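Q: Before I ask anything, let me first share the structure, which is written out below as structure tokens.
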Amino acid sequence: MFKNLPATVSINEVGPRDGLQNVKTFIPTEDKIAIIEGLIAAGINSFELTSFVSPKAIPQLADAADVCRTILAKYGDRINASALVPNLKGAQAAWDAGIREVACVISVSAAHNKANINRTHDESIADLAKMIESLPGMRIRVDLATAFACPFDGWVGPEAVRSLASRIHQLGVRKIVLADTIGVATPDRVYALSSYMRSQFPEVEFALHLHDTRGMGLTNTLAGLMAGITTFETSIAGLGGCPFAPGAAGNTATEDAVNMLQDMNIGTGISREKLIDVLSLVAEKVDAPVNSHLAKAKLYECLN
Ligand code: COA
Ligand code: ZN
């Protein structure tokens, strides 16, 4: 029925960054670490662990260096750990904390780029160039925020995404995340943009980061799979949202994505049952609703 779906998919867990940046209270560092350790035990091997941004902008992640140092000391050889950064200062701090891959965030819409990181596109591209030059050992991917729509300017067209991606590509970046920051994309848009970008930049590895504001997270994931995307960023318990994007809700929940993929015989290496165990830890430690479908449903033995 669905042709050419991949046999395996990579999940990049962004809950420790996207999820925890949007909860009202500061989660103590040891609780963050306990949640990440639970996720590692469930089989997740790729994480956006935190962000190195201004603590005035995101006080919830002011302990970024401590989280990274602790996790990398114990699990550095087992996981691919990255962190979100807005500029060279953040990338340098991430490097100093042992991080060797950063996600440099730039919004496709000028208005959100200004609201989120107080930069024009030219300034962001200049920052990215500086980062590449100053930290030659760092793997750098770019998160293209508002790749589908902007909370201030409305729908974002594929041409704007291609044009910004082209400047990033010229700097040598070969990993780009297409983010539906406010969660309003629909499957046709996800399929069209993913296919278009893959055809325009065949040597770039594209990933999708899909918020679930309007309940489209899983259908959009399927649309991405059908367009050949094999890396998805998801968040445990469906936590998440950008504090500088009014109206944005959480990400597609990791456990919902794993559940769908597992029952479609697409491997992730992650245990759905162990993820459910982590949910009780999240519910205990994080003052935010656990939003996934799987958290609300009972898992029936006969399905296992
Ligand atoms: N980490 C920590 N501090 C940083 C920083 C970073 N990556 N970049 C800048 N700063 C500090 C500066 O040192 C300066 O500190 P001071 O006031 O104590 O002197 C202050 O932030 C202002 O620096 P400036 O370069 O003028 O930044 P700005 O005011 O233009 O803000 C950002 C730009 C990018 C730092 C800020 O908008 C930000 O951190 N945004 C993150 C948004 C985010 O995480 N959104 C959610 C994820 S998509
Ligand atoms: Zn996000």
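Q: For A34, are the conditions met, namely being among the small types (G, A, S), within 26 Å of T213 (Cβ to Cβ) and away from ligand 2 (no atom under 16 Å from the Cβ)? Can you show your working first?
A: On the way: among the small types (G, A, S): yes; within 26 Å of T213 (Cβ to Cβ): no; away from ligand 2 (no atom under 16 Å from the Cβ): yes.
So A34 does not fit the description; no.
Q: Condition first: within 16 Å of ligand 2 (Cβ to nearest atom), within 30 Å of S280 (Cβ to Cβ), crowded, with 24+ Cβ neighbours inside 10 Å and in contact (Cβ under 8 Å) with a residue 60 or more places away in the chain. Can you find one or more residues in the range 211-221 that meet it?
A: yes
Q: Sticking with this one: Scan the range 74-125 residue by residue and report those that are part of a strand (DSSP E or B), away from ligand 1 (no atom under 12 Å from the Cβ) and surrounded by 19 or more Cβ atoms within 10 Å (Cβ to Cβ).
A: Residues of the range 74-125 that are part of a strand (DSSP E or B), as a first pass: 80-85, 101-107.
The next check asks that each one be away from ligand 1 (no atom under 12 Å from the Cβ); those that pass are 80-82, 101.
Selection gives A81, S82.
Q: When you scan the range 241-260, how many residues do you find that are within 14 Å of ligand 1 (Cβ to nearest atom) and either over 21 Å from L222 (Cα atoms) or in a loop (DSSP other than H, G, I, E, B) (or both)?
A: If we filter the range 241-260 for residues that are within 14 Å of ligand 1 (Cβ to nearest atom), which is where we start, we get 241-246, 248, 250-251.
Okay, now just the ones that are also either over 21 Å from L222 (Cα atoms) or in a loop (DSSP other than H, G, I, E, B) (or both), so 241-246, 248, 250.
Here the count works out to 8.
Q: Among the residues of the range 126-154, write down those that are free of Cβ contacts under 8 Å to residues at least 24 places away in the same chain, more than 13 Å from ligand 1 (Cβ to nearest atom) and either at positive phi or in a helix (DSSP H, G or I) (or both).
A: Narrowing the range 126-154 to residues free of Cβ contacts under 8 Å to residues at least 24 places away in the same chain: 126, 133, 136, 154.
Then drop every residue that is not more than 13 Å from ligand 1 (Cβ to nearest atom), which leaves 133, 136, 154.
The answer is E133, G154.
Q: Another question about this same structure. Any idea which of V184, V177, V173 is touching a residue at least 40 places away in the same chain (Cβ under 8 Å), assigned to a loop (DSSP other than H, G, I, E, B) and of a type in the set (A, V, I, L, M, F, W, C)?
A: V173
Residues are listed down the side, and each one gets a yes or a no for (1) surrounded by fewer than 19 Cβ atoms within 10 Å (Cβ to Cβ); (2) over 21 Å from E48 (Cα atoms):
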| site | (1), (2) |
| --- | --- |
| G241 | no, no |
| G247 | yes, yes |
| G250 | no, no |
| T254 | no, no |
| M264 | yes, yes |
| L275 | no, no |
| V278 | no, no |
| L281 | yes, no |
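Q: Just a yes or no: is a residue in the range 199-211 over 21 Å from S109 (Cβ atoms) and of a type in the set (F, W, Y)? Lay out the reasoning, then the answer.
A: Step one: of the range 199-211, the residues over 21 Å from S109 (Cβ atoms) are 199, 202-203, 205.
Within this subset, residues satisfying the condition of being of a type in the set (F, W, Y) are none.
No; the residues of the range 199-211 include none that is over 21 Å from S109 (Cβ atoms) and of a type in the set (F, W, Y).
Readers should treat all values here as calculations from the given coordinates under stated rules, not as data from a laboratory. Only a predicted model underlies this, so the values are computations on that prediction, with no experimental measurement involved. Using ideal geometry, Cβ is built from the backbone for each residue, glycine included, and neighbour counts are taken over all protein chains shown.
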